[in-house]
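First comes the structure, then the notes that go with it.
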Amino acid sequence: MGKLAVLSLAVAALAFLIGERLITIRQISLSYRELTQNYLPNCHHIEGIECGAEDITILENGLAFLSTCLKHPDLPSYSDDPGRIYTLNLLDSEQKIKVPNIKGDFDKDSFNPHGISVYTDNKDGAVYLFVVNHPQGNSQVEIFQFVEDENALQYIKTIRHELLHNVNDIVAVGTESFYATNDHYFTNRILMFVELFLSLPWCDVVYYSPQTVQVVAGGFMMANGINISPDKRYLYVANLLKHKIVVSEIKESTVLSHVKEVDVGSLCDNIEVDRESGDLWVGCHPNGLKWVFYDPNDPPGSEVIRIENILSEKPQVTQVYADDGSMIIASSVATPYGGKLLIGTVYQKALICDLK
């Protein structure tokens, strides 16, 4: 009788734990949230993007780089083709995407690009493109030099390190140095599920240079997008399942000093920073369960959030765009240029809109 009582108590405790965890997951994924449409004028899909543009970044001259066709084991895929980097000249009235030729000893067949970042060398003006790559499900960072007059990417090197085990996004701070986010602590798929199920805040930010590789910040529940302020003093990280943007100050030793956290009310992915105003533009997922458990009859929506004066006592958080999935599915990035806004997605299309 005693053993039966203990077993019954254990079963009841397990049932309570599972129930509590399911409620918590529904809460942190914002599965109860109802989305109200909030459109921008003159929006249209970018022709040629059919399998997502998970990350987008734009040079000062209006040339955008788009990271497309991400293959992720937990998400749907709209194409079996390898991933590609596209360019789009926003100053060109035709606004046609182009495929830069990748030069050098690089395996294009296994290319699976995720987060991207550009770095312009002040010494000679050379532009470097950093790409998070997941060939065969691994995590590594590719560095290319962009040759503009040829619209080509010259492959330079691949960076692998045990601390760069689940890289999501990256921000370059030198020709071979960067900060990167890991969106999971574990690499095993079962343990990744346990990590999410238990809401373990074990994700981190890593600094890499040829001389130093170290974890510089932790305590994130899925660390996703990352970017840097125009003056290079502050780092911004999307703490996705906490619905916050974390602001840290970069110290001389490259370690980070926590400054503040800004609530955004959505599951925010990649972060782009306006180089003039310092405003943050973030592509977000308004409902996490719809994003992961994709249903074409009830698709995940999209949301773009702008954060003004993030370093002030009262940052202004504004919803710039929202769609229930009828126009664009699972937005992951938004970046403005010259009165236009580019919105990318994890696995579907990309959008370009007028901001006014």
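Here are some notes:
- Between ILE56, LEU66, GLY115, the Cα set farthest toward the positive side of the dipole of the chain (charges on each charged residue's Cβ, about the Cα centre) is that of GLY115.
- Near ILE228, the amide H atoms lying under 5 Å from its own belong to TYR236; only residues 5 or more places off or on other chains count, and H is placed 1.01 Å from N.
- Electrostatic bookkeeping for GLY62 treats Lys and Arg as +1 and Asp and Glu as -1; over the other residues with beta carbon under 11 Å from its beta carbon, the sum is -1.
- Think of segment 137-199 as having a plus end and a minus end, set by charges on the Cβ of Lys, Arg, Asp and Glu; of PHE186, VAL171, ILE143, PHE186 sits farthest toward the positive end of this dipole.
- Share of carbon and sulfur in the accessible heavy-atom surface of segment 1-141 [1.4 Å probe, %]: 54
- Largest to smallest principal axis extent of the C-alpha atoms in segment 256-318, angstrom: 42, 24, 21
- Nonlocal amide H pairs with LYS349, under 5 Å, H built at 1.01 Å: GLY52, ILE329
- Segment 232-307 - percent of accessible surface contributed by carbon and sulfur, probe 1.4 Å: 45
- Of ASP74, ASP269, ASP105, the order by accessible heavy-atom surface (1.4 Å probe, DNA, RNA and ligands excluded), from most exposed downward, is ASP105, ASP74, ASP269.
- In order along segment 250-261, phi translates into HN-Hα couplings of 8, 8, 4, 7, 6, 6, 10, 10, 5, 10, 6, 10 Hz, rounded to whole numbers, per the Karplus curve 6.51 cos²θ - 1.76 cosθ + 1.60 with θ = phi - 60° and x for Gly and Pro.
- When the Cα positions of TYR78, LEU200, LEU7 are compared along the charge dipole of the chain, LEU7 comes out farthest toward the positive end, with charges on each C-beta of Lys, Arg, Asp and Glu.
- Surface/4 estimate of mean projected area, convex hull on alpha-carbon atoms of segment 32-168, nm²: 11.1
- Among the GluC sites (Glu not before Pro) found in segment 283-356, those both in a DSSP coil and sparsely packed, with 12 or fewer other Cβ atoms within 10 Å of their Cβ, are GLU313.
- Å² per residue, accessible surface of segment 132-235 at 1.4 Å: 43
- Segment 285-356 - charge dipole about Cα centre, Lys and Arg +1 at Cβ, Asp and Glu -1, debye rounded to 20: 220
- TYR128 sits among other residues whose Cβ lies under 13 Å from its own Cβ, and their net charge, with Lys and Arg +1 and Asp and Glu -1, is -3.
- Assuming charge only on the beta carbon of Lys and Arg (+1) and of Asp and Glu (-1), the dipole of the chain about its Cα centre is about 920 debye to the nearest 20.
- Distance between segment 159-193 and segment 195-211 - C-alpha centres, whole angstrom: 7
- Vicinal HN-Hα couplings computed from phi for segment 29-46 (Karplus, 6.51 cos²θ - 1.76 cosθ + 1.60; Hz; Gly/Pro x): 8, 6, 5, 8, 6, 9, 9, 9, 4, 8, 8, 9, x, 6, 9, 8, 5, 7
- Using every pair of distinct Cα positions in the chain, the Kirkwood expression returns a hydrodynamic radius of 20.8 angstrom.
- In sequence order, calculated HN-Hα J values of segment 140-145 (Karplus, 6.51, -1.76, 1.60; Hz; x Gly/Pro): 7, 10, 9, 10, 10, 9
- Crossing angle, helix 2-28 versus the chain [Cα axis fit, 0-90 degrees, rounded to tens]: 30
- Paired Rg and Dmax values of segment 198-356, which use every Cα atom, in angstrom: 15.9, 51
- Nearest-20 debye value, segment 198-347 charge dipole, Cβ charges on Lys, Arg, Asp, Glu: 280
- Surface analysis of segment 269-356 yields an accessible area of 37 Å² per residue, using protein heavy atoms and a 1.4 Å probe.
- Above 15 Å, the calculated P(r) of segment 234-281 contains 48 percent of its Cα-Cα pairs.
- Distance between the modelled labels on PHE193 and LYS98, one decimal in nanometres: 4.6 nm (7 Å Cα→Cβ projection).
- Gyration tensor verdict on segment 155-246 (Cα atoms; rounded if a/c is under 1.5, prolate if a/b is larger than b/c, oblate otherwise): oblate
- Within the chain, the cysteines lacking any other cysteine Cβ closer than 4.7 Å to their own Cβ are CYS203.
The values are calculated or read from the model by the stated rules, or taken from the named source; none is laboratory data. Values in this document were obtained by computation on a predicted structure and should not be read as measured data. FYI the Cβ positions are ideal-geometry reconstructions off the backbone, even for glycines, and counts take in every protein chain you see. Ligands, DNA and RNA are excluded from the accessible area calculation, which covers all protein heavy atoms including side chains. Shrake-Rupley method; radii C 1.70, N 1.55, O 1.52, S 1.80 Å.
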